[in-house]
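To start, the structure itself, in structure tokens.
The values are calculated or read from the model by the stated rules, or taken from the named source; none is laboratory data. All figures in this text were calculated on a predicted structure; none of them were measured in a lab. With ideal geometry, Cβ positions are generated from the backbone for all residues, glycine too; neighbour counts draw on all protein chains shown.
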Amino acid sequence: MTQANYPPQHVAIIMDGNGRWAKKHRLPRPAGHNAGSENIHPVVKIFADYGVKYLTLYMFSTENWNRPRIEVRGLLTLLAKKIDQKTQAFHQENIRLIHLGRLDRLSPKLRKKIKAAVELTKNNTGLTLCLAFDYGGRDEIVQAAKNITDAGIPDSNVDESVFAQYLYTANIPDPDLLIRTGGESRLSNFLLWQAAYSELYFTPVLWPDFGHKDVEEALSEYIRRQRRFGKI
């Protein structure tokens, strides 16, 4: 049994509740997504101040393509807008940006923006912000298996450490703490491999309302956990 390391090296967040936030405030769903996107930068700074080294945010899942076309288009437009608005700010704050997920289904213009943001910040040494966009845990595992096959690696040489190097999160530590906002209690296809021994924390707070007090509560709960990793 091991006391949880503090601060957690890697925190992952399922940012849930934008639509319900909009409904609560009698606003259209896009207003909720915009409010949620505006909350990203403040939350990133809070975790950076606590000394967290990696923060992964679940922004758009492989299943989100099944939402109404107008909503999907709005989310893609919002991502492009926020990249334009926030990349320089993150760069000035020494934050490194990484994309987790597929790029092939995004428009060439959006792919170019994502790659440029990653390239600009690649040498930054502060918090690493991993943006999971068009990401799905099952799809990630399937793609890793295909890439291992394509690389011609013999089955006898494939173990967990080799497999992990073919995931989107290669060279990124597994999350110590996984937070889901919005009151639901499931992983929703997020970091299925990496979250095998993550501490899970579910809060009813909707993502646009998730702030400093809520981060403190999540970290306070985390430090009380005893991490066994299969041991007694």
Would you check which residues across the stretch 169-181 are crowded, with 21+ Cβ neighbours inside 10 Å and in a loop (DSSP other than H, G, I, E, B) and list them?
Thr169, Pro175, Asp176, Thr181
Of the residues that make up the stretch 60-69, is at least one touching a Gly at 6+ places or on another chain (Cβ under 6 Å) and over 21 Å from Asn124 (Cα atoms)?
yes
Please give the number of the condition Leu103 fails out of (1) among the aliphatic types (A, V, I, L, M); (2) in contact with a helix residue (DSSP H, G or I) (Cβ under 7 Å, 6 or more places away or on another chain); (3) without any contact (Cβ under 8 Å) to a residue 24 or more places away in the chain.
(3)
Which one is farthest from the chain's Cα centre (by Cα) among residues in the stretch 12-58 that are among the aliphatic types (A, V, I, L, M) and under 18 Å from Glu184 (Cα atoms)?
Ala22
Out of the residues in the stretch 55-87 that are out of contact with any helix residue (DSSP H, G or I) (no Cβ under 8 Å at 6 or more places or on another chain) and closer than 25 Å to Asn171 by Cα, state the one that is surrounded by the fewest Cβ atoms within 10 Å (Cβ to Cβ).
Ser61
Return a yes/no flag: does the stretch 23-39 have any residue that is among the aliphatic types (A, V, I, L, M), modelled with pLDDT of 95 or more and in a helix (DSSP H, G or I).
yes
Restricting to the stretch 48-90, name every residue that is part of a loop (DSSP other than H, G, I, E, B) and of a type outside the set (Ser, Thr, Tyr).
Gly51, Val52, Lys53, Arg67, Pro68
Please determine whether any residue of the stretch 9-22 is free of Cβ contacts under 8 Å to residues at least 40 places away in the same chain, crowded, with 17+ Cβ neighbours inside 10 Å and part of a helix (DSSP H, G or I).
yes
Keeping to the stretch 198-211, report how many residues are hydrophobic (A, V, I, L, M, F, W, C) and assigned to a loop (DSSP other than H, G, I, E, B).
3
Please work out which one of (1) within 24 Å of Gly32 (Cα to Cα); (2) part of a helix (DSSP H, G or I) is the condition Lys109 fails and give its number.
(1)
Can you tell me which residue in the stretch 136-167 is surrounded by the most Cβ atoms within 10 Å (Cβ to Cβ), limited to those that are within 29 Å of Val205 (Cα to Cα) and touching a Phe, Trp or Tyr at 6+ places or on another chain (Cβ under 7 Å)?
Glu140
Kindly check whether there is at least one residue in the stretch 212-226 that is surrounded by fewer than 13 Cβ atoms within 10 Å (Cβ to Cβ), at pLDDT below 95 and in a loop (DSSP other than H, G, I, E, B).
yes
Test Ala195 against the criterion of being in a helix (DSSP H, G or I), in contact with a Pro (Cβ under 9 Å, 6 or more places away or on another chain) and not charged (D, E, K, R), and give yes or no.
yes
